[in-house]
Each structure stands twice: as structure tokens, then as C-alpha cells.
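Colleague: This is the structure I want to talk about, given as C-alpha cells.
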Amino acid sequence: MDIIVKTEEELALMREPNAIVRDCLKFVGERIAAGMTTKEVDALVYDFIKASGAEPSCLGYCGYPASACISVNEVVVHGIPDDRVIREGDIVSVDLCAYKNGFHGDGCRTFCIGQVSDERRKLVRVTEECFFKGIEGLKAGTPLYDIGYRVQQHAESNGFSVIRAYTGHGIGRDMHEDPSVPNFGRKGTGVRLPENCVICVEPMIAAGKWKVRILDDGWTAITCDGKSAAHYENTFIVRKDGVEILTL
């Protein structure tokens with residue numbers, strides 16, 4: 001495992017793409033609505049990132065055909081934007097990355113569309129809480145799997161399950177760098193995180209069981225039981241005495 005520690009100069013360069021991600025997620029959250037297609041939401045993301053002087057990192061990544069991953073209800077991650085119409089009561093996760101100054105930024109939010117069921121609303125809330133539980137007390141020297149341990153404890157104590165097939169990750173000049181950051185784990189184990197590494201923690205939490213399957217497009221991951229899933233992600237710097245979140 002090769003965890004890349006960034007210099008302060010590199011971290012300064014990373015702030016801009018991550019601020020674009022933050023602002024784009026806010027922009028989308030204010031506009032996403034029932035009646036839109038996921039393709040229309042993707043166009044908002046593309047236009048915003050380009051207007052900010054950045055590039056959408058996802059577009060063309062390993063052949064991915066869009067600027068954002070837009071995942072509705074039972075879709076966990078990597079939903080390809082298309083003509084699917086977003087409906088009242090849906091939950092929609094929008095996962096996007098921006099590339100500028102030679103570095104990537106990454107973040108995700110799950111949005112509630114209009115009046116959603118109590119279970120879906122709770123799922124979205126708990127998934128966001130899982131992120132903050134995961135980074136509680138985190139600082140340089142923290143064992144990696146403490147993050148996943150905390151995420152898993154919070155999700156399961158609320159009656160939900162943690163998706164195992166996908167993880168968070170390091171980020172920098174490449175969109176995905178070491179370490180892989182699972183949302184489950186045993187406390188006190190794993191590599192100790194070095195000061196000034198940059199990682200993305202992204203709880204993906206399911207209302208039902210954690211198993212997923214990939215659709216024929218090779219990207220879209222859905223829950224095997226058809227129950228809803230939510231996703232929340234931020235990019236942050238691990239500091240000596242805590243974390244500095246770049247996408248909030």
C-alpha cells in the first residue's frame with residue numbers, strides 16, 4: 001500500500017477542485033426535482049464544472065459515459081444518467097468529481113425528492129451521520145479500519161446494513177489512490193493514517209441486505225433485494241490533530 005502524503009503546496013491546489021465539488025452538489029441540490037430525468041441532472045453537473053474552469057473527472061473514466069453517477073432508490077452507486085424520470089418520493093444520490101490544478105475533488109449527497117417515506121428519510125439521515133461517526137476522533141496515526149468500524153456500528157444500530165462491495169479511497173493526482181477505505185472493519189486494525197494524506201470516506205448504506213449485483217451496462221450496482229440505498233461522501237485531509245474537510 002502506497003499512501004501518498006501531500007505537501008502544503010499540493011494541498012492548496014486540491015482546495016479548488018474540492019470547492020467546485022462542494023458548490024456543484026449544493027447547486028444540484030437546489031434544482032433537482034420530480035419530473036427531471038437523470039440525464040438532465042447530469043447536464044447540470046457538466047455545465048457547472050466546466051463553467052468553474054474544471055473538468056468532470058468521471059466523464060470517460062474507464063469508459064464511464066457521464067459527468068456524474070446518479071443513483072435512484074435501489075441503485076447503490078454508478079447509476080448511468082439516462083431517460084429515467086425522477087419521481088416524488090425517490091431518493092437520488094449524485095456522486096461527482098472535478099479535476100483542476102492537476103488534482104481531483106470528490107463528493108456525494110443523497111437528495112430526498114418531495115415527500116419521501118419515513119424509512120427512506122431515516123436512511124438518508126443515518127447515511128450522512130455515518131460519515132461523521134466514521135471520522136470522529138480521526139487524526140494522523142488513527143488505524144484505517146477504525147473508520148469502517150464506526151460507520152458499521154452506527155448503520156447497524158439503526159437497523160441498516162453496510163454495502164461491502166464498494167469503499168472510500170485516497171485521492172490526489174489520481175481519482176482513486178491508496179488506501180481503500182471500507183465502511184466496515186475491526187477497531188484498532190489497519191495501517192495508521194499519515195499526516196497530510198487525503199482520503200474520501202463514503203458510507204453506502206442499504207435499508208435491507210448489503211448484497212449488490214451489477215446490471216448489464218457493467219456499471220450500475222443495485223441492491224439484490226430491491227430495497228433502497230443511500231450514499232454520502234466528503235474529501236478531507238488527515239491532520240495532526242483532526243481532519244480538514246475540503247468538500248463542506
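Colleague: Kindly write out, for segment 125-140 in residue order, the coupling ³J(HN,Hα) from the Karplus curve 6.51 cos²θ - 1.76 cosθ + 1.60 (θ = phi - 60°), rounded to whole Hz, with x marking Gly and Pro.
Modeller: After applying 6.51 cos²θ - 1.76 cosθ + 1.60, I find 5, 5, 4, 5, 4, 4, 4, 5, 5, x, 9, 4, x, 6, 7, 3 Hz.
Colleague: To continue, here is another question. Assuming a ≥ b ≥ c are the square roots of the Cα gyration tensor eigenvalues, decide whether segment 40-86 counts as rounded (a/c under 1.5), prolate (otherwise, with a/b larger than b/c) or oblate.
Modeller: oblate
Colleague: Can you figure out the FRET efficiency of Asp225 with Ala43, using R₀ = 30 Å and their beta-carbon distance, to the nearest 0.05?
Modeller: Using R0 = 30 Å, I get an efficiency of 0.40.
Colleague: Taking a ≥ b ≥ c as the square roots of the eigenvalues of the Cα gyration tensor of segment 82-134, is the shape rounded (a/c under 1.5), prolate (a/b larger than b/c) or oblate?
Modeller: Here segment 82-134 falls in the oblate category.
Colleague: Further question: State the number of lysine pairs found in segment 115-248 whose Cα atoms come within less than 26 Å, restricting to pairs 8 or more positions apart or on distinct chains.
Modeller: 17
Colleague: To make sure I understand the rule: partners must be aspartates and glutamates, Cα under 19 Å from the Cα of Lys6, and not fewer than 8 residues away in the same chain. Which ones qualify?
Modeller: Glu16, Asp106, Asp174, Glu177, Asp178, Glu195, Asp241, Glu244
Colleague: Based on the Cβ-Cβ distance from Asp83 to Arg186, what FRET efficiency comes out when R0 is 45 Å, to the nearest 0.05?
Modeller: Between Asp83 and Arg186 the formula returns 0.55.
Colleague: Jot down the radius of gyration and Dmax of segment 108-226, Cα atoms only, both in angstrom.
Modeller: 14.9, 43
Colleague: Also: In Å, what Rg and Dmax follow from the Cα atoms of segment 22-63?
Modeller: Rg, Dmax (Cα atoms, Å): 10.9, 30.
Colleague: Residue by residue through segment 116-124, which ³J(HN,Hα) values in whole Hz follow from phi under the Karplus form 6.51 cos²θ - 1.76 cosθ + 1.60 (θ = phi - 60°), with glycine and proline marked x?
Modeller: Values per residue, Gly and Pro as x: 9, 5, 4, 5, 5, 5, 5, 4, 5 Hz.
Colleague: At 0.692 mPa s and 37 °C, plugging the Kirkwood radius over alpha-carbon pairs of the chain into Stokes-Einstein gives what diffusion coefficient in µm²/s?
Modeller: Answer from the Stokes-Einstein relation: 184 µm²/s.
Colleague: In whole percent, how big is the carbon plus sulfur part of the accessible area of segment 133-213, probe 1.4 Å, protein atoms only?
Modeller: That fraction is 45 percent.
Colleague: Apply the Karplus curve 6.51 cos²θ - 1.76 cosθ + 1.60, θ = phi - 60°, to the phi angles in segment 17-22 and return the couplings in whole Hz, x for Gly and Pro.
Modeller: x, 6, 5, 5, 4, 4
Colleague: Keeping all protein chains in position, work out how much accessible area Ser117 exposes to a 1.4 Å probe, and write it in Å² to the nearest 10.
Modeller: 60
Colleague: I'd like the per residue volume of the convex hull spanned by the Cα atoms of segment 1-48, given in cubic angstrom.
Modeller: Cα-based convex hull of segment 1-48, divided per residue, equals 106 Å³.
Colleague: Then there is this: Go ahead and set up a Gaussian network model of the chain, Cα springs under 10 Å, then flag whichever of Val124, Val191, Val76 fluctuates most.
Modeller: Among Val124, Val191, Val76, the largest GNM mean-square fluctuation belongs to Val191.
Colleague: Would you please state the base-10 log of I(q)/I(0) at q = 0.14, 0.19, 0.21 1/Å for segment 1-143, with intensities from the Debye formula using one equal scatterer on every alpha carbon?
Modeller: Result of the Debye calculation: -0.73, -1.17, -1.30.
Colleague: Within segment 65-94, list the residues whose amide N lies under 19 Å from a label point set 7 Å along Cα→Cβ of Gln115.
Modeller: Within reach of a label on Gln115: 86-92.
Colleague: In square angstrom, rounded to the nearest 10, how much accessible surface does Thr7 have for a 1.4 Å probe?
Modeller: For Thr7, solvent-accessible area is about 70 Å².
Colleague: In Å and from the alpha-carbon atoms only, list the Rg and Dmax of segment 134-195.
Modeller: Over segment 134-195's Cα set, Rg and Dmax evaluate to 11.9, 38 Å.
Colleague: Now a separate question. If you roll a 1.4 Å probe over the heavy atoms of the protein chains, what accessible area per residue do you get for the chain, in Å²?
Modeller: Per-residue accessible area for the chain comes out at 42 Å².
Colleague: Need the full-extension length gain, Glu30 to Tyr61, defined as separation in residues times 0.36 nm minus the C-alpha distance. One decimal, nm.
Modeller: Length difference between fully extended and current span is 8.5 nm.
The values are calculated or read from the model by the stated rules, or taken from the named source; none is laboratory data. Note that the structure is predicted; figures quoted are calculated from it, not measured. Note: ideal-geometry Cβ built from the backbone for every residue, glycine included; neighbour counts use all protein chains shown. Note: accessible area is taken over every heavy atom of the protein model, side chains too, but ligands, DNA and RNA are not part of it. Shrake-Rupley method; radii C 1.70, N 1.55, O 1.52, S 1.80 Å.
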